[in-house]
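Data first, discussion second: the structure below is written as structure tokens.
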């Protein structure tokens, strides 16, 4: 009996040690703080750049009125699609119509005056010139005759003086008739004045017609009416902006952090989500990357074409854009939520090793939506504590729980 007891004692000690070790392992395994973790996996990684922005028109055209007036009628509403030349609104035009009629009457009068020069004025002036020539010839002959008879003693000095005065009067009348005739001719001063008055009247009519045309507010471009700033009865001033039309193709505009500039290139595909319709994504393609950086915000403007515009899309609608910058096969990846100081120069993570948290410096590569590539620091299959877990520090005993 004694011998049997002595043989059992070593095995009892060994069993006790095993139980103690198992108990310690169980305590260390199951008594630690339960934490949510992410597992390091290997798979395909889509590197993407995410940014927010808006749906925009290629350009915006402000349309207003060139004259002051009262709005008579508005023909469009916000959201209406219009073609170039569409009349958006009209102003009351009674005053402009009257001005056109007045200018037209003035032009008719100027034309009549010009025609009168050729029909009446010039022939009359030429007739008067011929009469003046005849009178001058008669006065000269009479002056010669009286001068000769005065020298022979037949006429007095008074009679000679009268003949001289008649000659001077005939010469003056002839000069006046000649001047009037020359003025009435096509290149004369009176004709030139008549032509100038006709041109002035024609210009006044054109100006009046132009003002009448300006009572019709027309869009010079095709697009969508984004703003309607006038209602019937409104008093508007010259130069006032009444409508805003979005012209050209519909695009997406986002502002990307400048640190992601090296990942971007024209032609990259993108996935776009409207905040108002999160379940209806649509596609886009990068076609423009701004050549300059916004120094205030540290961002770069990026524009994307939309091959197919969804029916719910609206100008200025807020969207989230995920630009596919690259793809990697069998990359070692980790959830972004498990990386700490990911935006800094020394990212790290809390890995779970032997039931305890260990701070591990990381070297990261490509970044995808919700995931990052781990180049160095972790191995496939390791569990990493999510950064959102509160109060977890290096060296703590934990129990992993993959979310």
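A few remarks follow.
- Unique residue being touching a strand residue (DSSP E or B) at 6+ places or on another chain (Cβ under 7 Å), modelled with pLDDT of 90 or more and closer than 30 Å to residue 56 by Cα when the list is 339, 321: 321
- Among (1) in a loop (DSSP other than H, G, I, E, B); (2) over 25 Å from residue 258 (Cβ atoms), the one test that residue 292 misses: (2)
- Those residues of segment 231-275 which are free of Cβ contacts under 8 Å to residues at least 40 places away in the same chain and assigned to a helix (DSSP H, G or I), in sequence order: 259, 261, 262
- The single condition among (1) part of a strand (DSSP E or B); (2) closer than 30 Å to residue 361 by Cα that residue 337 does not satisfy is (1).
- Looking only at segment 343-360, and only at residues there that are in a loop (DSSP other than H, G, I, E, B) and out of contact with any strand residue (DSSP E or B) (no Cβ under 7 Å at 6 or more places or on another chain), the one that is modelled with the highest pLDDT: 354
- Summed over segment 300-334, residues that are closer than 14 Å to residue 277 by Cα and in a strand (DSSP E or B) total 4.
- Selected residue [assigned by TED's automatic domain parsing to the domain that holds residue 375 and over 30 Å from residue 267 (Cβ atoms)] from 337, 316: 337
- Looking only at segment 361-374, residues that are in a strand (DSSP E or B) and either touching a residue at least 24 places away in the same chain (Cβ under 8 Å) or within 11 Å of residue 46 (Cβ to Cβ) (or both) come to 8 in all.
- Residue count for segment 215-239, restricted to those that are touching a strand residue (DSSP E or B) at 6+ places or on another chain (Cβ under 8 Å) and under 13 Å from residue 71 (Cα atoms): 12
- Among the conditions (1) part of a strand (DSSP E or B); (2) touching a strand residue (DSSP E or B) at 6+ places or on another chain (Cβ under 8 Å); (3) under 30 Å from residue 80 (Cα atoms), residue 278 misses just one, which is (2).
- Hey, residue 367 modelled with pLDDT under 90 and on the phi > 0 side of the Ramachandran plot or not: no
The values are calculated or read from the model by the stated rules, or taken from the named source; none is laboratory data. Not measured: the values here are computed from a predicted model. All Cβ positions, glycine included, derive from the backbone under ideal geometry; neighbour counts span all protein chains shown.
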